[in-house]
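Novice: Take this structure first; my questions come after.
What follows draws every value from the coordinates through simple rules; no lab data is involved. Computed from a predicted structure; not experimentally measured.
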């Protein structure tokens, strides 16, 4: 793989972690030292860097950890320059704003999504949190006039988890009881999947609920789960 990340710290840190995992996980990853910002009014310079890397590495896939505003310019530009291998974006690109240049600009782009929130209707029927996600999706869309994304899911899940901890503690008055309950929650139904916490491992993020979508005809089509 050939990888490049924008200036969001989570993307840069994820790319570093992937490079560290590559030797033991059976893949190779060449990370470009170049980076880019949240918008790309003139993407040509960064596109040239990526194509140079492609010509040098000959990758099977290009990984672009990008925000949803820059992702369409990068993807459309790479296709215009003749890139044919799959291009994969981050959960930040699993966002309605990725269609800003028109759905045709991102046709075929793969994206990861934590929990599958960008299109829960397409998730398998046996998905553990599908009904909860679809209900949130419909209410959010009706209220705001646009679909929720990973960021909306993360924000809402903070309150979902906190509510679960307060219920377990018997209310919000005893803060130590709420804290103790929070550290021992198990299989909380959230928009990012079933979340569990232990005193030794408390983290934001869910194991087992990372989803791959591909954009086809302006729709995020479910491909598979990734972890």
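Novice: Going by the alpha-carbon gyration tensor, a ≥ b ≥ c the square roots of its eigenvalues, is region 107-146 rounded (a/c under 1.5) or, if a/c is not under 1.5, prolate (a/b greater than b/c) versus oblate?
Specialist: Oblate is the answer for region 107-146, as a/c is 1.5 or above yet b/c matches or exceeds a/b.
Novice: How much length is gained on full extension from residue 48 to residue 142, taking 0.36 nm per residue of separation minus their Cα-Cα distance?
Specialist: Here the segment from residue 48 to residue 142 would lengthen by 29.7 nm.
Novice: Relative to the first principal axis of the alpha-carbon coordinates of the chain, what is the inclination of helix 9-25, with its axis defined by its Cα atoms, in degrees from 0 to 90 and to the nearest 10?
Specialist: That helix lies at roughly 80 degrees to the long axis.
Novice: I would also like to ask the following. I need two numbers for region 80-193: Rg to one decimal and Dmax as a whole number, Cα atoms only, in Å.
Specialist: That works out to 17.7, 61 Å for Rg and Dmax.
Novice: The list (i) 20.9; (ii) 30.9; (iii) 13.9 gives values of mean projected area of the Cα convex hull in nm², and only one came from this structure; which label was calculated from it?
Specialist: Read-out taken from this structure: (iii).
Novice: Follow-up. Between 198, 24, 80, find the one with the highest GNM mean-square fluctuation for the chain; connect C-alpha pairs within less than 10 Å.
Specialist: Result: 24 has the largest fluctuation of those listed.
Novice: Something else now. Pairing the Cα long axis of helix 71-80 with the longest principal axis of the chain, what angle in degrees results, from 0 to 90 and rounded to the nearest 10?
Specialist: Its long axis makes an angle of about 30 degrees.
Novice: Find how many whole Å separate the alpha carbon centroid of region 172-203 from the alpha carbon centroid of region 27-97.
Specialist: Computed from Cα coordinates, the inter-centre distance equals 37 Å.
Novice: Additional query: Expressed as a rounded percentage, what relative contact order does the chain have, with Cα pairs under 8 Å and six or more residues apart?
Specialist: 16 percent
Novice: Let me ask another. In the chain, what percentage of the DSSP-assigned beta bridges are antiparallel, given to the nearest 5? Please list the in-between numbers first.
Specialist: On the way: 15 of 28 bridges.
Given both bridge residues lie in the chain, the antiparallel proportion sits at roughly 55 percent.
Novice: Now a separate question. Relative to the first principal axis of the alpha-carbon coordinates of the chain, what is the inclination of helix 130-144, with its axis defined by its Cα atoms, in degrees from 0 to 90 and to the nearest 10?
Specialist: Helix 130-144 and the main axis of the chain meet at about 80 degrees.
Novice: What is the ratio of the Cα radius of gyration of region 1-108 to 2.2 N^0.38 Å, where N is its residue count, to two decimals?
Specialist: 0.99
Novice: Right, next: What residue among 79, 179, 101 has the largest mean-square fluctuation in a Gaussian network model of the chain, using Cα springs under 10 Å?
Specialist: 179
Novice: In addition: Using a Gaussian network model on the chain with a 10 Å cutoff between Cα atoms, which of 149, 60, 174 fluctuates the most?
Specialist: Its mean-square fluctuation being the largest, the pick is 174.
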